[in-house]
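Engineer: Right, I'll just put the structure down here and ask away after.
Since every read-out is calculated from the coordinates, none of them should be taken as a lab result. On a predicted model such as this, the values are computed, not experimentally measured, just so you know. Don't worry about glycine lacking a Cβ; one is built from the backbone with ideal geometry, like all the others, and counts go over all protein chains shown.
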Amino acid sequence: MATPAMIRHTTRMIRVLSRRMSACYTRPLANGTKGERKRLVIAIDGPSGAGKGTIARAVARELGYRHVDTGAMYRAVAWLAQERQVPAEDERAIAALAESAQLDVGDRVVIEGRDVTSAIRTAEMDRAAATVARMPTVRRVLVARQHALGQDGGIVMEGRDIGTVVFPRADVKIYLDADPAERARRRAGDPAHTGGRTALADVATAMADRDRTDATRTASPLVIAPDAVHVDTTGVPVDDVVKTVMTVVEERGSRAMG
Ligand code: DC
C-alpha cells in the first residue's frame, strides 16, 4: 500500500521530470507560446550482454518513445531462413527474405505471422544471426528498414551500428559496455536466453567468439561512434544506468533543439 508520503514524493518527482522534459525538448515559438516537442532519435549500441535491451526499453518507457531491438531483426531473418530451408550461405535469397518479410519487433517479435520471441533466443540462433549479420546485402536491406522505422523520431533503437550507420546524425548516441565476465554472467542468467541451463564458461566462450565476429566483420563492424557517450555498466544497478542515460538525453536533447 502506498503511504501518503510515498504518493507526495512520486507526484513531486513526476512534476519535476515533466518540467525538465518540456524544458529540454520544447522550442518556444516567436510569439512566445510553446512550440512542438521534438521527438528524438536515440541510438544505443554496444556488445551483447552490455544491458542494451533493459536500458533501451526503460528509456523508451520514460520518454513514451518506441523501442526497437535491431538484433531481433537479424535473429528473426536468420530464423526465417532456417525455417524456409534457405542455405546458410545464400546471401541473395536471405536478403530477399529480409526485404519482403512482414516483420514486427515490438514487445513480441513476429515474422511472417509467426511469433518467434523465444525461438530466436537460443545458442543456435546466436550463431545464425551473427552469420546473417555479416552479409552486406542483408545489412543494406535491414538498415533501410530500421531507418524507415525511426525517420519521424520518438525512437530508442539498439544494436551495433545505430549511431554509426543507421542514424549517423542521431540526436543522442550511447555506447553501453560492461566487462566481459559480467556480460557473460548476465547472459547466462537471462531466462529469455539460456534459461539458466548453459554453463557460464560455455556462455563466456560463445560470447567472446561472437564479439570477435561482430567487431572484425567487414560490413559495419561494431565500433564506437566518435560522438557517442560511453557508459560502463559493470556493477552499476539498472536504475542508475537509466538515470545516466536520461541525463545525457536531457543535455543532448536540449542541444538538438538548438
Ligand atoms: O543484439 P543481438 O545479440 O540480439 O544481435 C544478434 C546478432 O546481430 C549479433 O551477432 C549482432 C548482430 N547485430 C548487428 O550486426 N547489427 C545490429 N544493429 C544488431 C545486431
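Engineer: Can you tell me the length gained on complete extension of the stretch Arg255 to Arg169, counting 0.36 nm per residue apart and subtracting the Cα distance?
Structural biologist: Details: separation 86, 0.36 × 86 = 30.96 nm, distance 1.31 nm.
Extra length available between Arg255 and Arg169 comes to 29.7 nm.
Engineer: Using only the C-alpha atoms of the stretch 105-154, find the volume of their convex hull and express it per residue in Å³.
Structural biologist: 101 Å³
Engineer: In nm, give the distance between the simple-model label positions of Asp239 and Ala148, each being 7 Å from the Cα along the Cα-to-Cβ direction.
Structural biologist: Rounded to a tenth, the inter-label distance reads 4.1 nm.
Engineer: Per 0.36 nm of contour for each residue apart, how much would the distance between Asp209 and Asp179 grow if the chain were fully extended, relative to their Cα-Cα spacing?
Structural biologist: 9.3 nm
Engineer: If you put +1 on each Lys and Arg Cβ and -1 on each Asp and Glu Cβ, how big is the dipole of the stretch 38-252 around its Cα centre, in Debye rounded to 20? Mind showing how you got there, number by number?
Structural biologist: Working: 30 positive and 32 negative charges, 52 e Å.
Dipole magnitude for the stretch 38-252 comes out near 240 debye.
Engineer: Using 7 Å Cα-to-Cβ label points, what is the Asp90/Ala199 separation (nm, one decimal)?
Structural biologist: 3.7 nm
Engineer: Determine, for each peptide in 241-252, 156-167, the mean count of other beta carbons within 10 angstrom over its residues, then list the peptides with the highest first.
Structural biologist: 156-167, 241-252
Engineer: Let me ask something else. What is the distance, in nm, between label points placed 7 Å from the Cα along the Cα-to-Cβ direction at Ser100 and at Ile224?
Structural biologist: Output for this residue pair reads 4.3 nm.
Engineer: Can you give the alpha-carbon Rg of the stretch 38-252 over 2.2 N^0.38 Å, where N counts its residues?
Structural biologist: Dividing the Cα radius of gyration by 2.2 N^0.38 Å gives 0.96.
Engineer: Can you bin the stretch 161-258 into rounded, prolate or oblate? Criterion: square roots of the alpha carbon gyration tensor eigenvalues sorted a ≥ b ≥ c, rounded for a/c under 1.5, prolate for a/b above b/c, oblate for the rest.
Structural biologist: Oblate is the answer for the stretch 161-258, as a/c is 1.5 or above yet b/c matches or exceeds a/b.
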